[in-house]
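The values are calculated or read from the model by the stated rules, or taken from the named source; none is laboratory data. As the structure is a prediction and not an experimental result, all values here were calculated from the model. FYI the Cβ positions are ideal-geometry reconstructions off the backbone, even for glycines, and counts take in every protein chain you see.
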Amino acid sequence: MRTCSDLVHPAQMSPMIKRTFDFVMAAILLVILTPVFLAIALAIRLGSKGPAVFKQERAGRHGVPFGLYKFRTMRPDVDPFGPSPKSGADPRLTGIGRWLREHSLDELPQLVNIVKGDMSIVGPRPLYVSQIREWNEQQKKRLLVKPGLTGLAQISGRGILTREEKLDLDVEYVERNGLWRDVKICWMTVASVLRRRGVYEQRYSHDETTRGGGVV
């Protein structure tokens with residue numbers, strides 16, 4: 001399993017450089033992808049009733065809650081806090097929602113979170129506030145940085161990793177991050193998305209009880 005241990009680990013990036021990188025990249029992508037946003041929103045609205053974009057509370061830096069944006073991929077009459085889909089056959093997913101998940105396009109609205117300063121391009125994925133109580137002190141180090149649109153865990157296995165493996169990779173990133181590493185993770189994310197590997201959760205921990213009672 002590739003964990004990006006072969007990447008260069010320079011000194012940690014200064015907050016100003018990282019924020020500038022995040023803001024500029026997210027702003028450029030938002031402008032370029034505006035037609036894509038509009039097309040996806042229209043397809044979602046035509047496919048089922050309900051909003052195209054929804055907001056969920058997630059844990060930000062230092063555990064401070066923020067509203068995370070995503071394109072809606074499930075029917076509006078199902079519990080969005082239930083177990084994560086294990087495959088595209090999950091009956092809660094809409095037709096367009098299944099396609100969006102398989103291509104990771106449901107996460108695109110988080111570019112707005114990045115511009116607002118809630119998130120970074122690269123960092124640990126934002127999890128639920130309720131999950132913090134399940135982590136040990138080492139794992140809580142992931143809260144020392146802003147959550148990211150993509151991260152080390154996402155290019156190292158994503159859905160085929162257990163929670164503990166993801167958290168370990170999150171902490172590794174926090175302890176050994178840098179601009180060059182962020183750039184490499186971004187490029188590797190593109191390759192991972194194109195392969196559509198690990199889109200759905202496949203492995204869980206026995207005590208993984210979050211999202212209001214479901215597993216993540």
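Can you go through Arg158, Arg195 and tell me which one is over 13 Å from the mean Cα position of the chain (by Cα) and modelled with pLDDT under 90? Only one candidate passes the filter, namely Arg195. When Val171, Val122, Val112 are screened for being within 14 Å of the chain's Cα centre (by Cα), surrounded by fewer than 22 Cβ atoms within 10 Å (Cβ to Cβ) and among the β-branched types (Val, Ile, Thr), only Val112 passes.
Let's see how each residue does on (1) modelled with pLDDT under 95; (2) among the β-branched types (Val, Ile, Thr); (3) surrounded by 15 or more Cβ atoms within 10 Å (Cβ to Cβ):
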residue: Ala11; (1), (2), (3): yes, no, no
residue: Ile32; (1), (2), (3): no, yes, no
residue: Ile40; (1), (2), (3): no, yes, yes
residue: Ala43; (1), (2), (3): no, no, yes
residue: Phe54; (1), (2), (3): yes, no, yes
residue: Ala59; (1), (2), (3): no, no, yes
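Could you say whether any residue in region 120-141 is of a type outside the set (A, V, I, L, M) and closer than 19 Å to Val31 by Cα? Yes, because at least one residue in region 120-141 is of a type outside the set (A, V, I, L, M) and closer than 19 Å to Val31 by Cα.
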